[in-house]
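Novice: Quick one: the structure is below, questions incoming.
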Amino acid sequence: MLVTLIPLFDESMSVRAYSISSQKGNSFLDPSIMSSSAMYDSISNPGFDVINALGVSTLSKGSELFVPITSVSLFSDISEQCDAEHDRLVLVIDNTVEPEFQFVERIMILKEQGYKFAIRGLEVSDFEPYKPILRLMDYVLLNHQKIVISKAKIYFSQVYPRVKLIASDLDSLGMFDSLRIEGGYYLFEGSFYRMPVTKGNTTVSPLKLNYISLLNLVNSEDFELTEAADIIGRDTALIISLLKMVNKVTHSTTEITSIRHAAAMLGQKELKKWITTAITQQLCSDRPSEIMRLSLLRAKFAENISGQFELGVFGPELFLMGLFSVVDLILNKPMDEALALLKVSKNISKALVSHEGPFTDVLDFIQVYEAGDWQEVSRLLLINEMSIDAVYDAYLSSLEWYRDLFHNMEAEEN
């Protein structure tokens, strides 16, 4: 199974929801997958595995999750498979769920339980026959690649004014701008948009330079704890976070007398681990939480799949590559200038700046995977002789790691 989260965004290009994209297996080995439902035609739904692994609390506040559901899994016990709040889930059906009594009745039952519904993949000729189902929908996804959605929008605004419209499968920023100006769409989805902010080119604040100095220090061989402690001592937020971490990890009753003392109690290995995640959080503090989520998930996913590329020994370095793959967005500078501020390895720099070196294949795979480009993912799986099950497990493990990390960060703040 291949599965990932795709962002849905509003007119200001802010992420407001997420859609789960999936594919049963490798389309190069089984071409019939491309013409079948994205999910298994079974009671279980792998989309719920993703939600359970990540946890809705780690996503943007109030955001909904659009989960494709088949004519079979529609009749499963959804609350048993997924413990997320019902009103955060939007169950997405397509034209395999026909406008017949048993389907209409089941949708009504689930809506009474608090679930929301969306429908996708309808042709214009389906609009009238699907009236019994359309009147129950909260959202309709209109694919501009298959129908003239401007005309469809007029139809829905007149017949189903309560339904929110989503313009999907947009292939360019120009198409989005055109539809945004036209108005009438609640959300958008498109392959051109996978990053939550637009790149800029501004100066780096002194505080961020302080964070970068700390990252550079701990990424050098056998760094001095006292030097790290002195840099931490320049930032109140980091000091508080460090002291909380020391108390949590060591469970010591010894009074902490200085920042250097706290760093020594944590130890070099644990201090480096804490600094890497804490600094990422601070660097992203003036950016949408999406940037931090993307950065950390890429980092852990890269580390988790390192063995699939026979690069297991480089796991920690690949973690940093994933972490820094959005450093241009974090620092509002071109990638080469952003990395010039960091003492990263040549392998990391080559992959992120010039798209060269042994880490490039891992970076390519992560990017096409998170974009849900399953045909390209299938090709790369074959070329690199990768196990689809191992990749799926690595992705879920990354989500679980981020969920636990996020909850720990919340606990520190409280």
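No value in this document is a laboratory result; all are computed from the given coordinates. Computed from a predicted model, the values in this text were never measured in an experiment. Glycine also receives a Cβ, built like all others from the backbone with ideal geometry; neighbour counts cover every protein chain displayed.
Novice: How big is the stretch 289-409 in terms of Cα radius of gyration and Dmax, in angstroms?
Specialist: Answer for the stretch 289-409, Rg first and Dmax second: 13.9, 39 Å.
Novice: When a footprinting reagent is the concern and you count Cβ atoms within 10 Å, what order do His261, His355, His144 take, fewest first?
Specialist: His355, His261, His144
Novice: Order of 262-273, 290-301 by packing, highest average Cβ count within 10 Å first?
Specialist: Going from most to least packed, we get 290-301, 262-273.
Novice: Mind checking which lysines have their C-alpha under 28 Å from Lys131, skipping anything on the same chain fewer than 8 residues away?
Specialist: Counting by Cα, and skipping residues close in sequence, Lys131 has these lysines nearby: Lys111, Lys116, Lys146, Lys151, Lys153, Lys164.
Novice: Same structure again: Going from the alpha-carbon gyration tensor of the stretch 57-103, what semi-axes, largest first and in whole Å, does one get by taking the root of 5 times each eigenvalue?
Specialist: Values for the stretch 57-103, descending: 24, 12, 8 Å.
Novice: A further question follows. What is the dipole size for the stretch 2-190, taken about its Cα centre, with +1 at each Lys and Arg Cβ and -1 at each Asp and Glu Cβ, in debye to the nearest 20?
Specialist: Approximately 460 debye in magnitude.
Novice: Right, next: Using 1/(1 + (r/R0)^6) with R0 = 30 angstrom and r between the beta carbons of Glu85 and Glu227, what's the FRET efficiency to the nearest 0.05?
Specialist: So, using R0 = 30 Å, E works out to roughly 0.05.
Novice: Fewest first, what order do Phe192, Phe48 take by the number of other Cβ atoms within 10 Å?
Specialist: Phe192, Phe48
Novice: Hand me the trypsin sites (Lys or Arg not before Pro) from the stretch 76-184 located in a DSSP loop with no more than 10 other Cβ atoms within 10 Å, in residue order please.
Specialist: Answer in residue order: Arg162.
Novice: Most exposed first by the Cβ proxy, i.e. fewest other Cβ within 10 Å, how do Leu318, Leu225, Leu352 rank?
Specialist: Ordered from fewest to most neighbouring Cβ atoms within 10 Å, Leu318, Leu225, Leu352 come out as Leu225, Leu352, Leu318.
Novice: Taking the Cα atoms of the stretch 2-190, what is the range of coordinates along each of the three principal axes, in descending order and whole Å?
Specialist: In descending order, the Cα extents are 41, 38, 36 Å.
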